[in-house]
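First the structure, in the form of structure tokens, and then the observations on it.
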Amino acid sequence: MSFSIKTIILAILCVVTGHLLPFFQDLAGEVIWYSTVVGYAVLTLLLRKWVANAQKGSAIKFTTAVNGTTAIKMLLTLVLVTGYLVAKLPFPRQYVFGVFVVFIAFTALFVIETQRIVRS
């Protein structure tokens, strides 16, 4: 199965799971939540492409790409959470914990794919 399909499935799983959890249902229907999940999916696809291209180059390019992807995702997560809290949007706890779970899920998928790229 291609990485794009896995990413789409994971995004759908994140959205559906949000609707199934009683404490998260209020946020799960909001546009901001859909945008966050789709944003992480697109970011993961772009970063995977960067790492795959860097893997064909030198070891330092690959290491820089892997470290760069980590920094990008961590800083983006910080900006999203801080922006949401500063804006005083509804359901702040659900959003913060939801973003954390989405971050972990897409990072795990990315790490598994990166390991597969390295082995091949």
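Coordinate-derived values only; no laboratory data. For clarity, every value in this text was computed on a predicted model and none was experimentally measured. Positions of Cβ are backbone-derived with ideal geometry, glycine not excepted, and every protein chain shown enters the neighbour counts.
Summary table below
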read-out	value
At q = 0.10, 0.18, 0.23 Å⁻¹, base-10 log of I(q)/I(0) for the chain (Debye sum, equal scatterers on each alpha carbon)	-0.33, -0.92, -1.29
Within a Gaussian network of the chain (alpha carbon springs, distance under 10 Å), most fluctuating of Leu76, Leu20, Leu109	Leu20
Trypsin sites (Lys or Arg not before Pro) restricted to DSSP loop in the stretch 29-87 with at most 16 other C-beta within 10 Å	Lys56
Cα-projected label distance for Ala71 with Glu30, points at 7 Å along beta-carbon direction, nm	3.1 nm
